[in-house]
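Let me begin by presenting the structure, written as structure tokens, before commenting on it.
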Amino acid sequence: MEDKPLGILRVHVKRGINLAIRDSSSSDPYVVVTLGNQKLKTRVISSNCNPVWNEQLTLSIKDVNDPIRLTVYDKDRFSGDDKMGDAEIDMKPFLEAHQMELDFQKLPNGCAIKRIRPGRTNCLAEESSITWSDGKIKQDMILRLRNVECGEVELMLEWTDGPGCKGLGPEGSKKTPWMPTKRLD
């Protein structure tokens, strides 16, 4: 079986919004993004429940069905770090936008390709837009954290077909296994 990744996903962790207090009056939050055996984290922002990380984390995507988990922690100096909530990033709408047979180059910069509403099957706090911006497909989103009393994290996803990657384009050889196939009955 070929082990080449499909592509590179950049997860731009922008900021936390109204994160839970885990210390006496604030928290020292950081974010961990996990995909399979890949685990990346942001820096710790001290004493801030509305931190701005503005960091890019880069994941190699081999299977589009693998869940991307985001967990926020409070850094503790003398004991284990406290969990401040978690969320899953639903990549399917983002990846489906890449499969659309549109001539993206003809679209105006900032053009919305698809909108995703919050619902039971995703962790979105508000509607998310997938846009054509600066020659790339991007998705801005605010995720509502689960398993915690409050808190949201703002992200931006950006896909890159890195060197040696299979890619996600609409060409037949690049179709990904999750794409629905038409049945001929």
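The values are calculated or read from the model by the stated rules, or taken from the named source; none is laboratory data. What you are looking at is a predicted structure, and each value in this text was computed from that prediction instead of being measured. Quick reminder, even Gly has a Cβ in these numbers, built from the backbone with ideal geometry, and neighbours come from all protein chains shown. SASA here: full protein model, heavy atoms, side chains in, ligands and nucleic acids out. Shrake-Rupley method; radii C 1.70, N 1.55, O 1.52, S 1.80 Å.
Of the residues making up the range 75-92, just one is touching a Cys at 6+ places or on another chain (Cβ under 7 Å) and either over 30 Å from residue 164 (Cα atoms) or open to solvent by less than 10 Å² (accessible area, probe 1.4 Å) (or both), namely 87. Do you know which residues across the range 1-45 are among the small types (Gly, Ala, Ser) and either in a strand (DSSP E or B) or surrounded by 21 or more Cβ atoms within 10 Å (Cβ to Cβ) (or both)? Answer for the range 1-45, where residues must be among the small types (Gly, Ala, Ser) and either in a strand (DSSP E or B) or surrounded by 21 or more Cβ atoms within 10 Å (Cβ to Cβ) (or both): 7, 16, 27.
Residue 127 passes every criterion in (1) touching a Lys or Arg at 6+ places or on another chain (Cβ under 6 Å); (2) over 30 Å from residue 3 (Cα atoms); (3) modelled with pLDDT under 95 apart from (3). If you go through the range 1-44, how many residues are within 21 Å of residue 62 (Cα to Cα) and of a type outside the set (Val, Ile, Thr)? Summing the residues that are within 21 Å of residue 62 (Cα to Cα) and of a type outside the set (Val, Ile, Thr) in the range 1-44 gives 17.
Looking at (1) at pLDDT 95 or above; (2) open to solvent by less than 50 Å² (accessible area, probe 1.4 Å), which one does residue 165 not meet, given that it meets all the others? Only one criterion in (1) at pLDDT 95 or above; (2) open to solvent by less than 50 Å² (accessible area, probe 1.4 Å) is unmet by residue 165, namely (1). Mind checking whether some residue in the range 60-74 is over 20 Å from residue 165 (Cα atoms), open to solvent by 30 Å² or more (accessible area, probe 1.4 Å) and part of a loop (DSSP other than H, G, I, E, B)? Looking for residues that are over 20 Å from residue 165 (Cα atoms), open to solvent by 30 Å² or more (accessible area, probe 1.4 Å) and part of a loop (DSSP other than H, G, I, E, B), one finds none in the range 60-74, hence no.
Tell me, which residue of the range 46-55 that is assigned to a strand (DSSP E or B) and surrounded by 15 or more Cβ atoms within 10 Å (Cβ to Cβ) is nearest to the chain's Cα centre (by Cα)? Here the residue is 55. Looking across 127, 154, 88, 149, one residue alone is of a type in the set (Asp, Glu), out of contact with any Phe, Trp or Tyr (no Cβ under 8 Å at 6 or more places or on another chain) and over 30 Å from residue 46 (Cβ atoms). It is 127.
Comparison of 34, 42, 71 shows that the only residue that is of a type in the set (S, T, N, Q), within 15 Å of residue 156 (Cα to Cα) and out of contact with any His (no Cβ under 6 Å at 6 or more places or on another chain) is 42. Remark: residue 146 falls outside the filter, which requires a residue to be without any contact (Cβ under 8 Å) to a residue 24 or more places away in the chain and more than 13 Å from the chain's Cα centre (by Cα). Filtering 85, 36, 110 for residues that are in contact with a Gly (Cβ under 8 Å, 6 or more places away or on another chain) and on the phi > 0 side of the Ramachandran plot leaves a single hit, 85. Would you please name the residue that is farthest from residue 15 (Cα to Cα), looking only at residues in the range 102-125 that are surrounded by 11 or more Cβ atoms within 10 Å (Cβ to Cβ) and charged (D, E, K, R)? Ranking the qualifying residues of the range 102-125, first place goes to 114.
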